[in-house]
Every structure is written in structure tokens, then in C-alpha cells.
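Reading through the C-alpha cells given below for one structure.
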Amino acid sequence: MQPVLDVKKLTMDFGGLRALEGIDLQVNRGEIVALIGPNGAGKTTFFNCITGIYEPSGGDMIINPPDKPAKRINKLKPNTVTESGLARTFQNIRLFQKMTVLENVMVARHCRTRSGILGAIFRGTKTCAEEQEMVDFSYRMLEKVGLEGYVNDLAQELPYGAQRRLEIARAMATEPFLLLLDEPAAGMNPRETRELDALITRIRDEENLSILLIEHDMKLVMSISQRIYVLDYGKMIARGTPAEVAADPNVVKAYLGETFDA
């Protein structure tokens, strides 16, 4: 099976500090893959590399979009990476707090629109039709994450767990084939985490997505992931199924703890 994301020997240096060293990672079509490790292991740095925020010091990052040729995404700008089919959420919520819930999703939808400055000025038939399509599509994304009842509320007025789901809806508005979730359960209570578990699996199935997530909640990771990669001090120390990773002595020592129970 050809992976939708194929990262080979990825290395990231910050001056004299090596944050990532020779990382290999693949995500196959339809998979939910987790990247775990202690704080400071390099997980978010990895996300920042594959989404164009950082330019890696070495290695290759290859994507295989559906029905399109393989593409090397090294040195692409973040907006070009998004247009290529990768979308992400962030560990720290980055919503437009003073905009409505619907407007937050519509902003992301702009990467799939065609109208330019002239269209915005003269507002022809095509421009108006495209604007309506943007509203309709954004509303459908809110329905998928259970936020259709908050359409006209300001983002800052949403409960914390709902803000997390709004970030996912906004990412989905770009129509990605690979969704990158950075600590999606951070700060959630147990009920919200269970709902997130079901949501991630459902959108993977309904939207035909592949998902790569960083997450510290091991119950969530073990319940939804097909495969897990484990980073420690910028190096990959283990990979495999949840059962294989949970039984790996290097993982237990570095991260999970002696009392971890898969």
C-alpha cells in the first residue's frame, strides 16, 4: 500500500540543537496513526516541518494525494501545504475569537475558492454562487462536529471542548486527505474525551481521511490508533500496533511508566 504521507530521514536542527534525527514515518490511506512521546520529544516540531512552518535540515517529505501524482513538500509554504491536502489543528487553540463560529470555518474555506479581488468588488453571479457554496459547506462541517447550534455565536463564547471541535471543523473545511491533530484532547474532561474519540473515528470514516495525531491521553491513543510511533529526545524509539508499543520496554521506560496498562 502506498502511504499518503511518507517521511524519510527527517532531521531538524536549531543551531547546535538537533530536535529531530533521521525520522521515518508513514501514514497509510484510511489510517489513524499516533505520534507520542514525552514533553520536548520533538512531536510538534515534526508537525511544524511537514506543514511548512519549519524547513527541515534534512530528509524528504512525500505526499500521495488521491488521484494525483506524488509530491515532495519540502520547502513549500504553509498555505501551499494546506492547498495540497494537509490540514492541522494546534495544541494551543488558535481560533478567531471575535468572529462567529461559522465565520471561523469560512475563513479556512477560502483556500478552495476561485474569486479574486475583482469578483469581490463587482460581485457577479459566479462570485455570489461561490459565496453561498462557502456558507453551505462550512455549515455542513459544523454539523459534522455537532456545532450547528452555535453558528452565530462568537468563538470565544463556546465551551472549551466545543472550541476544540471548531478547530477540527475549520481544518476539515480545507478538504484535506490528511488531517493532523496536535493534542486534540488537551484540557478536556473525560466525557469530552470520549466524545472526541467517537468524533475522530467518525470523520475518518465519513470523509475518507487519514489522520495523524499527537496526544498524551493514552486511553484515547490506544483506543483509536491502528499504529503508533514513539519519539524520545528527537529519535524514534519504537513503532508498531498499540499492543506492540505498550509492551516495548524502551517505551515503558521512556514514557508510559512501569504501571502502564494497555
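For the residue pair VAL135 and ARG194, what label-to-label distance in nm results when each label sits 7 Å from Cα along the Cα-to-beta-carbon direction?
Result for the modelled spin labels: 3.8 nm.
Rank these for me by crowding, ARG109, ARG94, ARG194, going from fewest to most other beta carbons within 10 Å.
Details: ARG109 20, ARG94 10, ARG194 15.
Fewest-to-most ranking of ARG109, ARG94, ARG194: ARG94, ARG194, ARG109.
For the chain, what proportion of DSSP beta bridges, expressed in % and rounded to the nearest 5, is antiparallel?
Working: 20 of 36 bridges.
Percent antiparallel among DSSP bridges in the chain is about 55.
Could you pull out every one of the lysines with an alpha carbon less than 23 Å from that of LYS75, ignoring same-chain neighbours closer than 8 positions?
List returned: LYS8, LYS9, LYS43, LYS235.
Would you kindly state how much longer the chain becomes between ASN208 and ALA247 on full extension, computed as 0.36 nm times their sequence separation minus their alpha carbon distance, in nm to one decimal? All intermediate terms of the calculation are to be shown ahead of the outcome.
Values: separation 39, 0.36 × 39 = 14.04 nm, distance 3.06 nm.
Taking 0.36 nm per residue and subtracting the Cα distance, the gain is 11.0 nm.
Percent relative contact order of the chain, based on C-alpha pairs within less than 8 angstrom and at least six residues apart? Display every interim value, and only then the final one.
Details: 477 pairs, mean separation 68.0, N = 262.
Averaging sequence separation for qualifying contacts and normalising by length gives 26 percent for the chain.
Between LYS75 and THR201, what FRET efficiency follows from the Cβ-Cβ distance if R0 is 35 Å, with the result rounded to 0.05? Before the final figure, lay out each step's value.
Values: r = 34 Å, r/R0 = 0.97.
About 0.55, to the nearest 0.05.
Using the 10 angstrom Cβ neighbour count as an exposure proxy, how do GLU195, GLU183 rank, fewest first?
GLU195, GLU183
Bear in mind these aren't lab numbers, they're just calculated from the coordinates by the rules spelled out. In this text the structure is predicted, and so the values were computed from the model without any measurement. Neighbour counts run over all protein chains shown; Cβ positions are idealised from the backbone, glycine included.
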